[in-house]
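Note sheet for the following structure.
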There are 2 protein chains.
Amino acid sequence: MRKFVSERNLRFLLYEVLDTESLTQYEYFQEHNRETFDMVLETALKMGRDMLLPHLEEMDRIPPAMVNGQVKVHPIVKTYMRECGEGGWIAANAPFELGGQQLPTIVTNSCLFIFSAANYSASVYPMLTTGAAHLIEAFGNPELIETFVPKMFAGQWQGTMALTEPQAGSSLAEITTQAEPTDAGYYRIRGQKIFISASDHDGVENIVHLMLARIQGAPPGVRGISLFVVPKLRPDGQGGLTPNDVNVAGLYHKLGYRGAPIAQLSMGENDDCRGYLVGEPHKGLSYMFQMMNEARIGVGVGAAGIASAAYYAALQYTRERQQGRKLTETDPAKPAVLIIEHPDVKRMLLFQRSVVDGGLSLLLQCSKYADLARVTQGEEREKYALLLDVLVPVAKTYPSEMGILAVSQALQCLGGYGYCDEFPVEQFFRDARIHPIHEGTTGIHGLDLLGRKVVMKNGAGFRLFVAEVQKATQAAMGYPNLRNYAERLEAALNSLQEVTSVLAQMGQQRDTEVFLADATLYLELFGIISVGWQWLLQAMAATIKLEGPLPEQDVQFYEGKIFTSKYFFHYELPKTEGLVKRLLEADGLTVRMNDSLFWD
Amino acid sequence: MRKFVSERNLRFLLYEVLDTESLTQYEYFQEHNRETFDMVLETALKMGRDMLLPHLEEMDRIPPAMVNGQVKVHPIVKTYMRECGEGGWIAANAPFELGGQQLPTIVTNSCLFIFSAANYSASVYPMLTTGAAHLIEAFGNPELIETFVPKMFAGQWQGTMALTEPQAGSSLAEITTQAEPTDAGYYRIRGQKIFISASDHDGVENIVHLMLARIQGAPPGVRGISLFVVPKLRPDGQGGLTPNDVNVAGLYHKLGYRGAPIAQLSMGENDDCRGYLVGEPHKGLSYMFQMMNEARIGVGVGAAGIASAAYYAALQYTRERQQGRKLTETDPAKPAVLIIEHPDVKRMLLFQRSVVDGGLSLLLQCSKYADLARVTQGEEREKYALLLDVLVPVAKTYPSEMGILAVSQALQCLGGYGYCDEFPVEQFFRDARIHPIHEGTTGIHGLDLLGRKVVMKNGAGFRLFVAEVQKATQAAMGYPNLRNYAERLEAALNSLQEVTSVLAQMGQQRDTEVFLADATLYLELFGIISVGWQWLLQAMAATIKLEGPLPEQDVQFYEGKIFTSKYFFHYELPKTEGLVKRLLEADGLTVRMNDSLFWD
C-alpha cells in the first residue's frame, strides 16, 4: 500500500505542537478527548486507505460524463457520500442538536487532509456539502434548515456553492442571475453559473445549490446580491421531489482534479426554477464571506494533501532507485547508491517536506483559531477571529502555490518516470494546479490580505499576528540549538513590519494602485514568514521531546523535524530577502506599464 | 490565427542585439546575408503557422499508438519530415558538400524556436535527426556517412539518441547494452534502452539509432562505452532493407509532449541486431558529449518556445476578458475593465515575457558562440568554445525551469479557463514539464556547471563569462536610464564571483560533497545573472534605437523592451539575494541529512 500521509506527523502537530486537547476545556467540545480524536483520525486513515486511494487513478482516467442529460460519476462517489453521511463526517463540526458531532475543525481538517491526500477529487463532495449546509444552518429559516440540512448531512443530497458566472469570475460584483419575487414566497431564478463543482451527479439523490443572485431592483454591485437555496429537485409539497428547471449546460474538461464534475448550469430555461431566500435580501455576499474562511482553509488543506501524497511517492522511489555514486567515490566498479543518498535529492525531499508539514501546520493553526473563535467570547473571541481573518489568505495560498512546486520536485525525483502515468505523481502535478485558482485566485488573496486584512481595524489583526510570532521567537531563544533560527525569523518579521508600514502609509495617502500593485509578492513574503513561525514551533516541540529518553524511531522523527526546520531557515527563509527588497521599492512599475507596450 | 511567437522580437534579437550579420564575414557563412536569413525565418514562420500549429491539439489528444508492432503517429509527422528534408531544414547547418546549407545555428535555432512554439512535439522529429546525423558526419567513416546521412538529411530516415537504460538514467556509467564484435565488421547488439524519443514511427521509412553500448571486455564506467549506429532496418547489401532485430517493447504514456512517441527498445531478442561502430572503441561518451551542447541548447529553445506560445495565448485572453474595476474606481455601475489593466495581471505578463525573451536571447547568444567556435581558430576559437561550455547548462536550464513557472502564470491569467482544455495553455503546462528532465536533469546540469565548467582550465571559462557581462555593464553605464540597472547587475555579478570563489576553494580542499551540495542553487543564481546580462543588452539596443525618430509601433516595441528589462531588474534580479546568502553558508546541511530521518 502506497503511503500518502504521515499519521505520526498529524499526531505530532495536533498534540505536541498545537495542543488540541486544550480545546476540550470548552463546553462545545467537552464531550471529546484525545481518545475520540484518535478514533476519528484512525477511521479517516482507514477510509482514505481502503475506500479512496484505490480509486484515485481510475477517477482520473474515467472522468465524469454526461449521459442522457445527467452527470455520471465513478460509483465510489455514491459509496463515499453515503459513508460520510452515516459516519457523521459531513456534520462533524455541527452542533449535536442538528445531528452534528461538535468536533473541533482542527481535527476534521486533519481528516480532510487525509482524504485529500488519498484522493483529492473524491474529498470535495462531502466537503462542499458541509460548507453549503453550514450556510443554511447559520442563516436560513427553520423551514429551510429542516427541509435541506438533514438530507445533506446524511450524504443523500449534495451541496454546492454557485457563485461564478460567465461575466463574473473574480469579480462577484458583476453577478446578474436574477431572482424575481413571487407571491408564493419563493423567487423565480433565471441565469447562468459556470465552474460549479459537483453541481450534478448520480452519486446522490439531489443537489442543493447555495446560489448568489440579484433580486429584481436590487442596488448594483456587491450590495445587491442575495443568497438562495436552489435545488435541482424541489419538494413538491406532497413528500416527493420534482425537477426545478436547473439544467446542466455542459461539463468542463480539466487538466486535473478530474474525478469531480465541474459544470455550467442554466437556471430557468422553462421559467420554472424556484429559489428560496437565505436570510435577508441583499446580504448574500456577507453571508458567503462568513463561510469563506472555512472553504479557503479547505482548499489549502487539499493542496497540502496532494503535496503530501506526491512527497511520499517520491520518497519511496528515491529509496528504491539506485543510480550514480557518491561524489567522493572514484571506483566505477562499485555498485550504484540509492538516489536518496545524493545531497540534491535530499534537498528536493526536504523542500517538499517543508512545504507539506509547514503548510499543514499553518492550516491546523488557523483551524484552531476558528475553533477558539467559536467557543470564546468578547475580546478573546475578537482576537482569534482577527488572527484567523489575517491568516486565511496566507493559509490558502502558501500550500496552493508552494504545493505546485513541491509536487513538481516530487516528479523531478522520479526523473523520466515522474513524467509517465505508471506513477501517480504526474496526476498530482495536474490535480495540484487548481488550487491557486479556485476559492479566490492568488492575486485576489494578495489584495484581500494587504488591502483589507492587514489594514483593518487600524492594523489590529496584523499586530496580533506579529505578537504570536514574537511569542514563538522569544520562547525559542531559550533553546541554544534554535536561537539562530529564532533570530533569523525575528529579522524577517521586522522586515515584514517595515514593508507593511511603508505600504500602509502609501495606502493612506490614497495611492491605492501603487499600494496594492505588488500585493501578491506581499502575500508570498507573509507566507514564508508564517510557515517559518510554524517550523520554529515544530522545532521547539521536537527539541523538548529530545531532552527525554526516547525510543530510536522517535529520536529519528524528532531529529527529522529539526532537520527539516533547519532546511526551511537555510533555504526558504532567505527568499524573503529579495521580496523585501522589491516591496520596499514600491515604485508602481506595473501600474505605469501601458497596455500598448505589449503589442508584440 | 493564434499568435505564438513575435517575429519582431526575433529580428530584434538577431540583428539589433546579437549582430548576426557579422557572421557572414566568415568563409563558412559567406554565401548568406540578412536577406537569406530573413527568407529562412519567413519560411519557418509559414511552416509553423500553416503546418504545425493546426495539429497541436490533435497530436496531444490522439497520441502515438502501437498498431501491429509498429508505432503509428499523426499523419502530419510524415508531411513535416518530408518537408524538412526537401526544404533542407535537417541539414541546414551542415556543410555544402554533404548537401547542407551552412546556415549559422543562431538562425536555425531561431527557426527551431518558431517550430517548437507552434508544436513542440512535432519539432523534435527533424531536430533529433539533425543531431544524430551530425554525430555520424563528425565521427563516422565514409561508408557510414554515405549509407545513413543522406537519407536522414532527406527526412526519409529518423535519427535518435539511444542512451538511457533501465538501470542507467542520469548515470551513463552504468550502461550495459552489449556489443559483441564479429568477423564481418559489424557488432552484435543485445540490450534494452528506455525513454528513447521518436524511436519508432510510421512517418519515416527507417529509424537510425545512435546508440551507446559496451564492447565485450571493455573497461567499466564511462571509459568503456562505445557509439554505434543501430538501424531499425539494415541495408541487405542488395540495395534493399531488412529488419535488424530492434523491437519496440512498449510506449510510455506521458503527462505531455504526447505528439512524440517515447519508447522502450529491446535489441537482439533474436540475436540478429547489428550495430556499426562510430569512430574508435570506448570513445562513445566523448563523441556524444561533443554533440551534447547542440542538443541541450535545443531543449532550452523548446522550453522557451512553449513558454512563448503560452504567453501569447495569455496576452490575447487578458486583452479580451473584462473583469473587475480599477482600484481607484468606486462606482459599481461603471463597466468592468480588461483584465490586462490590473497591475497584478501586468506583472504576470511581464514575468512571462521576461522569461521568454530573456531565455531566448541567452540561447541565441550561445548559438552565436557555437557558430563562432566553428569558424574561428586558435585562441579565439578556444574563447568561444569555453564560453559555450560554461553557458550551455545555464541556457538549457533557465528556460526549462522558468518556462514551467511562466506557463503556469499564463494559465493563471486565464483563471478557471486556463485549467480547461478549451484553451491551449493546459497543454503547454503539461508539455513544458519535460524540459528539466530530458537531456540531463537540472540537478545534473548544476553539477556540470559548478563541478566541471566553472572550475575547468583553472576557471578560464568563468572568467571569460564575467568579462562578457562586465563589457555589457560598462557599456550600459553610458546611458543614464540604464546606469542603475548596470549597477544592479554588476553587484549581482560580484556576488556570483564571491560565491564561486568560496565554493571553488572548498572543492580544492577536497570537500567535494559540500562543494557541490547546492550546485542546483548555484545554477539558478547563474541563470538569473546570465539572463539579466541579456536583458541589459536588449535594453541598451532599444535605448539606442529610441534616440532616433521612429514610427509609433517601433517606439512602443522598444519601450516595451525597456519596460520588460526594468521588470527583470526589479522583480527577478533580487531573487539572487536569497540564493547568494544561502550559497555562502556552504554548510553541507543536506550532505549531513541522514536517510533514516526520513522514516515518517
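The values are calculated or read from the model by the stated rules, or taken from the named source; none is laboratory data. No experiment lies behind these values; they were computed from the predicted model shown. Virtual Cβ from ideal backbone geometry, glycine too; neighbours counted across all protein chains shown. With ligands, DNA and RNA removed, areas are computed over all heavy atoms of the protein, side chains included. Shrake-Rupley method; radii C 1.70, N 1.55, O 1.52, S 1.80 Å.
Of all the residues in region A:74-99, those that are buried (at least 19 other Cβ atoms within 10 Å of the Cβ) and either basic (Lys, Arg) or more than 17 Å from A:Gly203 (Cα to Cα) (or both) number 4. Of the set (1) at the interface with another protein chain (Cβ under 7 Å from one of its Cβ atoms); (2) in contact (Cβ under 8 Å) with a residue 12 or more places away in the chain, all apply to B:Lys561 but (1).
Each row is one residue, and each column tells you yes or no for (1) open to solvent by 30 Å² or more (accessible area, probe 1.4 Å); (2) away from every other protein chain (no Cβ under 14 Å).
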{"residue": "A:Phe115", "(1), (2)": "no, yes"}
{"residue": "A:Ala133", "(1), (2)": "no, yes"}
{"residue": "A:Phe153", "(1), (2)": "no, yes"}
{"residue": "A:Gly159", "(1), (2)": "no, yes"}
{"residue": "A:Thr164", "(1), (2)": "yes, no"}
{"residue": "A:Thr176", "(1), (2)": "yes, no"}
{"residue": "A:Pro181", "(1), (2)": "yes, yes"}
{"residue": "A:His201", "(1), (2)": "no, yes"}
{"residue": "A:Val204", "(1), (2)": "no, yes"}
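The residues of region A:488-500 that are open to solvent by less than 10 Å² (accessible area, probe 1.4 Å) and over 26 Å from the mean Cα position of the chain (by Cα) amount to a single one, A:Val499. Would you point out the residue of region B:214-231, among those that are part of a strand (DSSP E or B) and open to solvent by less than 10 Å² (accessible area, probe 1.4 Å), that is nearest to B:Met288 (Cα to Cα)? Residue satisfying both the conditions and the ranking: B:Leu227. Taking the criterion of being touching a Phe, Trp or Tyr at 6+ places or on another chain (Cβ under 7 Å), without any contact (Cβ under 8 Å) to a residue 24 or more places away in the chain and either more than 7 Å from chain B (Cβ to nearest Cβ) or not β-branched (Val, Ile, Thr) (or both), would at least one residue in region A:574-588 satisfy it? Checked region A:574-588: no residue is touching a Phe, Trp or Tyr at 6+ places or on another chain (Cβ under 7 Å), without any contact (Cβ under 8 Å) to a residue 24 or more places away in the chain and either more than 7 Å from chain B (Cβ to nearest Cβ) or not β-branched (Val, Ile, Thr) (or both).
Would you confirm whether any residue within region A:33-52 is among the basic types (Lys, Arg) and surrounded by 14 or more Cβ atoms within 10 Å (Cβ to Cβ)? Yes, region A:33-52 contains a residue that is among the basic types (Lys, Arg) and surrounded by 14 or more Cβ atoms within 10 Å (Cβ to Cβ). When restricted to residues that are open to solvent by less than 10 Å² (accessible area, probe 1.4 Å) and of a type outside the set (A, V, I, L, M), region B:141-151 contains 1.
Annotation: of all residues in region B:15-27 being in a helix (DSSP H, G or I) and touching a Leu at 6+ places or on another chain (Cβ under 7 Å), the one that is nearest to B:Thr43 (Cα to Cα) is B:Thr20. With the requirement that a residue be within 7 Å of chain B (Cβ to nearest Cβ), over 9 Å from A:Asp518 (Cβ atoms) and either without any contact (Cβ under 8 Å) to a residue 40 or more places away in the chain or open to solvent by less than 20 Å² (accessible area, probe 1.4 Å) (or both), what does region A:590-600 give you? A:Met593, A:Asp595, A:Ser596, A:Leu597, A:Phe598, A:Trp599, A:Asp600 - these are the residues of region A:590-600 that are within 7 Å of chain B (Cβ to nearest Cβ), over 9 Å from A:Asp518 (Cβ atoms) and either without any contact (Cβ under 8 Å) to a residue 40 or more places away in the chain or open to solvent by less than 20 Å² (accessible area, probe 1.4 Å) (or both). There is no residue in region A:545-556 that is surrounded by 22 or more Cβ atoms within 10 Å (Cβ to Cβ) and in contact (Cβ under 8 Å) with a residue 60 or more places away in the chain.
To keep it simple, each residue is scored yes or no on (1) within 8 Å of another protein chain (Cβ to nearest Cβ); (2) within 29 Å of the chain's Cα centre (by Cα).
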position: B:Asn270; (1), (2): no, no
position: B:Glu280; (1), (2): no, yes
position: B:Ser286; (1), (2): no, yes
position: B:Pro332; (1), (2): yes, no
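Does B:Ala370 meet the test of being more than 14 Å from chain A (Cβ to nearest Cβ), open to solvent by 20 Å² or more (accessible area, probe 1.4 Å) and of a type outside the set (Lys, Arg)? Judged against the criteria, B:Ala370 is a match. Every condition in (1) part of a helix (DSSP H, G or I); (2) of a type outside the set (Ser, Thr, Tyr); (3) more than 14 Å from every other protein chain (Cβ to nearest Cβ); (4) more than 26 Å from the chain's Cα centre (by Cα) holds for B:Gly527 except the one numbered (4). Of the candidates A:Val5, A:Val71, the single residue that is over 26 Å from A:Met152 (Cα atoms), out of contact with any Lys or Arg (no Cβ under 9 Å at 6 or more places or on another chain) and either among the charged types (D, E, K, R) or not in a helix (DSSP H, G or I) (or both) is A:Val5.
Taking region B:504-520 as the range and being more than 8 Å from chain A (Cβ to nearest Cβ), of a type outside the set (S, T, N, Q), assigned to a helix (DSSP H, G or I) and surrounded by fewer than 22 Cβ atoms within 10 Å (Cβ to Cβ) as the test, the residues that pass are B:Ala504, B:Met506, B:Gly507, B:Val514. Highlighted here are the helices (runs of 4 or more DSSP H) found entirely within region B:375-487 that include at least 1 residues which are open to solvent by less than 50 Å² (accessible area, probe 1.4 Å) and within 14 Å of chain A (Cβ to nearest Cβ): B:378-413, B:425-432, B:442-448.
On inspection, B:Leu251 does not qualify as under 25 Å from the mean Cα position of the chain (by Cα), open to solvent by less than 20 Å² (accessible area, probe 1.4 Å) and either within 14 Å of another protein chain (Cβ to nearest Cβ) or under 30 Å from A:Arg61 (Cα atoms) (or both). Here B:Thr318 does not qualify as free of Cβ contacts under 8 Å to residues at least 40 places away in the same chain, polar (S, T, N, Q), outside any strand (DSSP E or B) and over 30 Å from B:Asn68 (Cβ atoms). Answer with yes or no whether A:Pro261 is assigned by TED's automatic domain parsing to the domain that holds A:Pro219, in contact with a His (Cβ under 7 Å, 6 or more places away or on another chain) and closer than 30 Å to A:Asn68 by Cβ. Here the answer is yes, as A:Pro261 does meet what is asked. Among the candidates A:Leu489, A:Leu523, A:Leu573, the residue that is modelled with pLDDT of 95 or more and more than 23 Å from B:Asp518 (Cβ to Cβ) is uniquely A:Leu523. Reported count of residues in region A:255-275, each being more than 25 Å from A:Leu360 (Cβ to Cβ) and crowded, with 22+ Cβ neighbours inside 10 Å, is 9. Can B:Ala94 be described as within 20 Å of B:Val301 (Cα to Cα) and in a loop (DSSP other than H, G, I, E, B)? When the stated conditions are applied, B:Ala94 passes them. One residue alone among A:Arg223, A:Arg234 is modelled with pLDDT of 95 or more and of a type outside the set (A, V, I, L, M, F, W, C), and that residue is A:Arg234.
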